[in-house]
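Take a look at the structure below.
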Amino acid sequence: MSQALDEAPASGPAAPAVHTTQHPPSLAAVKGDRPLRILLPSYRSNPTTGGQGVYMRHITKALLDLGHEVDVISGPPYPNTDKRAGLIKLPSLDLYANPHPILSIRPWMFASPIDLFEWWSHATGGFSEPYTFGERMARYARGTWADYDICHDNQTLCWGLLKMRDMGLPVVGTIHHPITMDRRIDVGAAKTLKLKLLKKRWYSFLNMQIKVARQLDPLIVVSESTRRDVVREFGVEADKTRLVLHGIDHIQFRPMPHVKRRDDLIVTCASADVPLKGLIFLIRAYAKLLKTYPDLKLRVIGKLREGNTSDELRRLGIMDKVEFVSGITDEEMTELYNEATMSISPSVYEGFGFPAGEAMSCGTPVITTNGGSLPEVIGDAGLVVQHSDPDALAKAISTYLDAPELRARYGIAARERILDQFKWERAARDCVDVYRETIAHADHRLQAARA
């Protein structure tokens, strides 16, 4: 519907977005199978940024496959969108990509309150991207909101969404999991008071997200676990939530009969520097297992940085035993899952858990913790253990290592579960049902206001 926009030059302010869509304005009720015109906001949308970027890529494609029109509106790093989708780029200062962000202040920023606030927040330890993205998006939407039937937010949960809703555009929110969980675990893992305070400052954007989430109706949640946590953590009314399970790319992540599955390789996909992902507990379990299985290998899809994980590897004396791989393609990841004896998701908490689902889709035996929604993903097609418990992880891994027939049975069951319950087409259809409900309610409110 719209064309990709050029980014602002590094030496000047963020350039305003320019829209090229020419749809006639309409807030008429959308009924039946008429294609919808959908705006998908996401302040960071590249798949390398995490699960929200993965979600954006796949839900966009699935909605397009159903015949709907989609524009993605995003700040940098920008998404890898389907060629059929429009991409509206809202350039930010992108300070996390700047090697000297504090020194990047320029005189023109004082004429741009949004840019100045983004710089000031970053310089003082805050994370303002959801807020500043929302303000830029609302400014952009003043002349374009009527080009769309629905706006489906990807956990931006910014004030700008409410401004767009007040313009007349129906808005649906999605919450993958409440970031209050990340904050609690991250602050708890900080080693010094100064670091705890800095982390609390970084998570200050949550004050906005909680208040906005309470005012959005409906809110899509991606698991029953997320629903419970959003109600408890954000104070959202349960009847405003709609459950739409994620999908898994079952075509990309598939069994590869030509790849020989090893009997000595554990694979996990986890950020080494994010306490929420629980990698440190898997490393401790692995260190215990090496005493019984000295040839056992652990390969981590992720990058090792200096921090708690590297310190733990040195303390245990296994720095040279754990291999970290990063920058691999989806095809290479699929081959790795097919080669693995098993895949582990050791997270302390997950709103959904794409790595577990992708490994399952490859027919790989999976072990997860009971952190968040992981038990909903794995069902009865794998082993589930208590989170943050290295002994429980070691016992489950040992069970798999000693029982090749069990591994084979769970691998088959895992693939069948993904095909049965976690296809993106189903996820997109469920989203569209929520869209149509939201549009109908918006029309009803508009007609009531006019009466």
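Structural remarks
- Fully extending the segment from Ala97 to Ala111, taken as 0.36 nm per residue of separation minus the present Cα-Cα distance, adds 2.8 nm.
- Gained length - Thr48 relative to Leu66, 0.36 nm times residue gap less alpha-carbon distance: 3.9 nm
- Sequence-separation-based contact order of the range 321-373, relative, with Cα cut under 8 Å and 6+ spacing, percent: 39 percent
- Global form of the range 303-451, assessed from the alpha-carbon gyration tensor, a/c cut-off 1.5: prolate
- With a Förster radius of 30 Å applied to the beta-carbon distance between Lys291 and Leu406, the computed FRET efficiency rounds to 0.85.
- Magnitude of the charge dipole for the chain, about its Cα centre and with charges confined to Cβ atoms of Lys, Arg (+1) and Asp, Glu (-1), is about 900 debye.
- Entry note, the chain: relative contact order of 14 percent, from Cα contacts under 8 Å with a spacing of 6+ residues.
- Neighbour-count ranking [beta-carbon atoms within 10 angstrom, fewest first] of Asp249, Asp389: Asp389, Asp249
- Bridge type composition, the chain - antiparallel percent by DSSP, nearest 5: 0 percent
- Calculated FRET value between Lys200 and Ser398, using beta carbons and R₀ = 45 Å, to 0.05: 0.70
- Rounded to 10°, Cα long-axis angle of helix 279-289 versus longest principal axis of the chain: 10 degrees
- Percent RCO, i.e. relative contact order, over the range 231-322, from Cα pairs under 8 Å lying at least 6 residues apart: 28 percent
- In units of the compact-protein estimate 2.2 N^0.38 Å, the chain shows a Cα radius of gyration of 1.01.
- Between the helical axis of 224-234 and the longest alpha-carbon principal axis of the chain there is an angle of about 60 degrees.
- Listed from fewest to most Cβ neighbours within 10 Å, the set Thr292, Thr241 follows the order Thr292, Thr241.
- Subset of Lys321/Lys395; Lys288/Lys321; Lys163/Lys240; Lys211/Lys277 violating a 23 Å alpha-carbon distance limit: Lys211/Lys277
- Extension gain for Ser271 to Met319 (0.36 nm times residue separation, less C-alpha to C-alpha distance): 15.7 nm.
- Degrees, to the nearest 10: 113-123 long Cα axis against longest axis of the chain: 20 degrees
- Computed E for Glu306/Arg262 - FRET, C-beta separation, R0 30 angstrom, nearest 0.05: 0.50
- Residue exposure sequence - Thr364, Thr132 - by fewest surrounding Cβ within 10 Å: Thr132, Thr364
- Taking all C-alpha pairs of the range 327-415, those more than 21 Å from each other amount to 25 percent.
Values quoted throughout were computed directly from the atomic coordinates according to the rules given, and no laboratory measurement underlies them. Everything quoted here is computed from the prediction, not taken from an experiment. Here Cβ is always computed from backbone atoms with ideal geometry, including for glycine, and neighbour counts include all displayed protein chains.
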